[in-house]
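Notes follow once the structure below has been shown.
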Amino acid sequence: MGENLPLQTGNGSSDVCSILNIAIMNLSTGLFICDRDGIVVFINKAYAGYLNIEPEQAIGRHITELIPDSRIPHVLQNGEPDIGAIRLISETSSRILTNRYPLFNAQGQLIGAMSMVVLDKPEQIHILQRQIDSLGRKVNRYARRIKTALEARYTLDSLVGSSPAMLSFKQLLLRFARTDGTVLINGQTGTGKELAASAIHNASSRSGGPFVSLNCAAIPQELFESELFGYAPGSFSGARKEGKEGQIELADEGTLFLDEVGDLPPGAQVKLLRVIEERVVRRVGDSTPHPVNFRLVTATNRDLGKMVANGTFREDLYYRINSMLLTLPPLRDRREDIPALVEHMLERQGNIRCSAEVMAVFHRYNWPGNVRELKNVLSHALSLAEGDVITLDDLPPSLLMGASLPEEGRVGGDQRLGAIRDNSERNAILVALRENRWNVSRTAQALGISRANIYEKMRRLGIRRHAE
């Protein structure tokens, strides 16, 4: 094979060299070797067959004489492999997939190049192409799923309401969104803190990046750091062998939203503060720093100031996340938004609407669960409504009772107790009437009272079939 390209064997045996030469010559896969000047010094039968010549006819000739557009000169010039090229051999109309490699001696000097055919049958190439296409479709599908999972679904328009409290909130939100600073959203349970965080992201310059949301209260403390910061391969029992990116790294070039930030474990508070200050994250079990560029938005329904005072939340972290404070008003402080919220929540239900009596109850109720509670009440009512109007019959008894109770300080204890008693009696009669399809005689019999007594109680308690 020439002095520049000696065939190395373990013991220098000529017999071994001969066997290797025979084996390579008779490979079903095509192969040829050139010296550093591009002169063919070896070609096996398979590759010679592609060129429609005998192997002896190729030896000593420059490769471009046999294959004018060969990439071997490029490999020899750059000393880098050329992988996965599909070539059409015009002499035999063969289509082959080849890999080309530079060859170096023990001193690292370039001494030649080798071309090896990987696939040489059309059906093989077609199968590979189909597999590549299928893999590409899968990658694209997963990429779309990941993108969807990391998208912020809500915008400023999703914050329904035009009360003074909400208009002020939206105005401040837009001002904060234009900056890149850390935002803390404060609000009671059910006021829509994640919705507000999503709106901040979509109104910011990072809207094209990922929006990663993590509920700090929903993750066990022993898993929290690995979830937020990621982990290195084999860092703990049950860890993925390839390791895992944390939520912070997933939020790179976008927004990281930490809901219920008051539930951050102490150890995670220290590490998060370091990430905010250094803009690098170190995975659990790994000291390698991974640069990150994200905007932090946090939310809580707790008093972080008091938590700082009693030592359950780090003071330095508190001041880092509290640079811009947004406070979501509770629903009871913006009751004028209730009609718009109800309309928004029912818009996909066709022509279903709430009766005037229902809306009056909604306005009287205190809504401790805020917008989330209103949504749940409407879901409950929709499951019971028989027509296209939600009536008092369809509302949860607890809501009716809560709406009829006087506000704190306006009535005495005896009056409040009487109101509770009346509501209990009203609800019991309503249940009995529904069970007996509003047949007053059967209802009176079921309750063990007279028909006249039922009518009197219905009049006193304001019970009517479709508008009690």
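The values are calculated or read from the model by the stated rules, or taken from the named source; none is laboratory data. From a predicted model like this one, the values you see are computed outputs, not experimental measurements. Because the Cβ atoms are built from the backbone with ideal geometry, glycine has one as well, and the counts that use them run over all protein chains shown.
Which is in the same structural domain as residue 323 (by TED's automatic domain parsing) and surrounded by fewer than 17 Cβ atoms within 10 Å (Cβ to Cβ), of 252, 286, 259?
Answer to the check: 286.
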Filtered residues of the range 313-332 (kept if of a type outside the set (A, V, I, L, M, F, W, C), within 30 Å of the chain's Cα centre (by Cα) and either more than 30 Å from residue 367 (Cα to Cα) or part of a loop (DSSP other than H, G, I, E, B) (or both)): 314, 316, 319, 320, 322, 323, 329, 330
Filtered residues of the range 451-464 (kept if surrounded by 12 or more Cβ atoms within 10 Å (Cβ to Cβ) and either small (Gly, Ala, Ser) or in contact (Cβ under 8 Å) with a residue 12 or more places away in the chain (or both)): 454, 455, 457, 458, 461, 462, 463
Total residues in the range 66-86, condition more than 18 Å from residue 108 (Cα to Cα) and out of contact with any helix residue (DSSP H, G or I) (no Cβ under 9 Å at 6 or more places or on another chain): 8
Out of 429, 449, 463, sole residue that is at pLDDT 80 or above, more than 29 Å from residue 341 (Cα to Cα) and assigned to a loop (DSSP other than H, G, I, E, B): 449
Tally, over the range 218-239, of residues that are touching a Gly at 6+ places or on another chain (Cβ under 9 Å) and under 12 Å from residue 284 (Cβ atoms): 14
Helices (runs of 4 or more DSSP H) lying entirely in the range 146-234 (those with 3 or more residues that are under 25 Å from residue 344 (Cα atoms) and within 19 Å of the chain's Cα centre (by Cα)): 193-202
Number of the condition not met by residue 339 [criteria: (1) in a helix (DSSP H, G or I); (2) crowded, with 18+ Cβ neighbours inside 10 Å; (3) within 34 Å of the chain's Cα centre (by Cα); (4) not assigned by TED's automatic domain parsing to the domain that holds residue 192]: (2)
